[in-house]
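Only one structure is covered here, and it is reproduced in the block below.
All of the numbers you see were taken from the coordinates with simple rules; none came from a lab. Computed from a predicted model, the values in this text were never measured in an experiment.
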Amino acid sequence: MTPILELRNLRGGYGTIDVLHGVNLKLEAGQVHALLGPNGAGKTTTLAVCSGQIIPSAGQLLISGREVNGVSSDSLARAGVCLVPEGRGIFPNLSVTENLRMFTHAGTSFSDIQDRSFAQFPRLKERRKQIAGTMSGGEQQMLAMARALAVNPALLLLDELSMGLAPLIVEELYERVAELASQGISILVVEQFAQAVLGISDIASIMLHGRITRTGPPAEIAEELTEAYLGGTTETSHA
């Protein structure tokens, strides 16, 4: 089958400086693909290219077999590509319900968005009148994911879900990610901490210095992660 997402010898970055140096990556339909590596490896830049925020300087970005180099992030979002950025990207001064109402800009009805969000994240229903910025970090991350799911995406791009969150909350969030994949959504997850995501991934890649250095089954990748990659072993990298 044609991959949902494919990067072929892709280069890109900021201005005239390339951060990515010939990246090759495939994401099959319904897969969870973990992209692992230290800070500065190029993981977030990869997601920025995949979501249309950065135009590749060379190589190809393909969505469902179609080259989309230069296609705007808005157009990709309407085509089902949705990014949950690091830092969550919610409206902190609005309530949960008001945040959900803001997500109707893509054309989905408010009632559908609310029903879907509360079904996926029951805690948001309990917090529906609460100002989003006063919620816990985990609850804010749930709201950010609900925003992404509002457009019923085919491809979900997740950037550092675990950032600043307690391990139990991270585990809960990744259980939701696994459920989304079981519903047919293809998911590319960027993580610095391998332990957080490898358990629910179908395939994993290690990125260093703007290149994919290894791709394989999560168990094999876990064995290869050393302090040179993540600053600690997979047993201790996420506490």
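Between the helical axis of 137-149 and the longest alpha-carbon principal axis of the chain there is an angle of about 80 degrees.
Can you give me the Kirkwood hydrodynamic radius for segment 90-142, using every pair of distinct Cα atoms, in Å to one decimal? For segment 90-142, inverting the mean 1/r across all distinct Cα pairs yields 10.9 Å. Considering the chain, its Cα convex hull presents a mean projected area of 12.2 nm².
In the chain, what % of DSSP beta bridges are antiparallel (nearest 5)? Working shown, then result.
Working: 21 of 39 bridges.
Taking every DSSP beta bridge within the chain, about 55 percent pair in antiparallel fashion.
Relative to the longest principal axis of the Cα atoms of the chain, helix 110-120 runs at roughly 70 degrees. The calculated pair-distance distribution of segment 32-129 uses every alpha carbon pair, bins of 5 angstrom beginning at 0, and gives 2, 11, 16, 19, 16, 15, 12, 6, 2, 0 percent.
Across segment 161-174, computed HN-Hα scalar couplings (Karplus, 6.51 cos²θ - 1.76 cosθ + 1.60, θ = phi - 60°) run 4, 7, 4, x, 10, 5, x, 5, 5, 4, 4, 5, 4, 6 Hz from first to last residue, x flagging Gly and Pro. Using a cutoff of 8 angstrom between alpha carbon atoms and counting only pairs six or more residues apart, the relative contact order for segment 90-142 works out to 49 percent.
Suppose a student asked you for the relative contact order of segment 1-152, using Cα pairs under 8 Å spaced at least 6 residues apart; what percent would you report? Walk me through the numbers on the way to the answer.
Working: 230 pairs, mean separation 31.3, N = 152.
Reported relative contact order: 21 percent.
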